[in-house]
Amino acid sequence: MSYFKRFPMIVGYNLQGKTFDTMDITRRTGLSNEYIQNEQLSFEYQIQDRETPEILADRIYDDVSMFWTIMFFNNMFDVDTDWPMDSPTFERFVERQYGTAKYDIHHYESASTGLIVDSDYNEWDRIPITNYEYEMRLNDSKRTIRIPFPEVANSMANQHNKKIRE
């Protein structure tokens, strides 16, 4: 069952003099914090290159339409910005974003503390981080997620369906 399947319809919605039926996507069901706060209800997972929420849902739940439970569980709402890019997409992104400056210095970090430091910081304790490295770190930071166990995902779907009917 897909996430939006149960949303109610707005019949006769009027927009700029035209009338049509549309889905009421403004309806929010939320997710009980009990799911997210209890680590026993999920397992940690490292997203591999080219994996999508749909691929994971199909593999774990045998139901591709349950992808939204993985997204919601991790407070992700936009697969284009919240999910890690695969290698080819990442390379295109960095090229578009920085062009020939992709290996220019983005910032410096202290070798001893890992904190961001100014360019005039002690040279012996200063590590340059390129634009490419910076973006790679951001992308890789999105790879560790928690996946709800199948029983939990089903409970989430049932809770969603119940609240959407209210």
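The values are calculated or read from the model by the stated rules, or taken from the named source; none is laboratory data. What you see is a predicted model, and the numbers here were worked out from it, not measured in a lab. Note that we place each Cβ from the backbone using ideal geometry, even for glycine, and neighbour counts take in every protein chain shown. Accessible surface is based on the protein model in full, side chains and every heavy atom, while ligands, DNA and RNA are left aside. Shrake-Rupley method; radii C 1.70, N 1.55, O 1.52, S 1.80 Å.
What number comes out for the charge environment of residue 145, summing +1 per Lys or Arg and -1 per Asp or Glu over other residues with Cβ under 15 Å away?
Numbers: positive: 59, 142, 143, 146; negative: 39, 44, 49, 51, 54, 78, 82, 140.
It works out to a net charge of -4.
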If you plug each phi of region 85-101 into the Karplus form 6.51 cos²θ - 1.76 cosθ + 1.60 with θ = phi - 60°, what whole-Hz ³J(HN,Hα) values come out, in order, with x for Gly and Pro? 6, 6, 4, x, 5, 4, 4, 5, 4, 5, 4, 5, 6, 10, x, 6, 8
Using modelled backbone amide H atoms (1.01 Å from N, in-plane), which distant-in-sequence or interchain residues come within less than 5 Å of residue 107's amide H? 129
Probe 1.4 Å, all protein chains in place: accessible area of residue 15 in Å², nearest 10? 80 Å²
Placing unit charges on C-beta atoms (Lys and Arg positive, Asp and Glu negative, everything else neutral), compute the dipole magnitude of region 23-166 about its Cα centre in debye, rounded to 20. 600 debye
For residue 42, what residues show an amide H to amide H distance below 5 Å, using hydrogens built from the backbone and excluding near sequence neighbours? 149
Dipole of region 83-151, positive end: most advanced residue of 122, 94, 149 [Cβ charges, Cα centre]: 149
Cβ-Cβ cut-off under 13 Å around residue 125, Lys and Arg +1, Asp and Glu -1: the net charge is -3
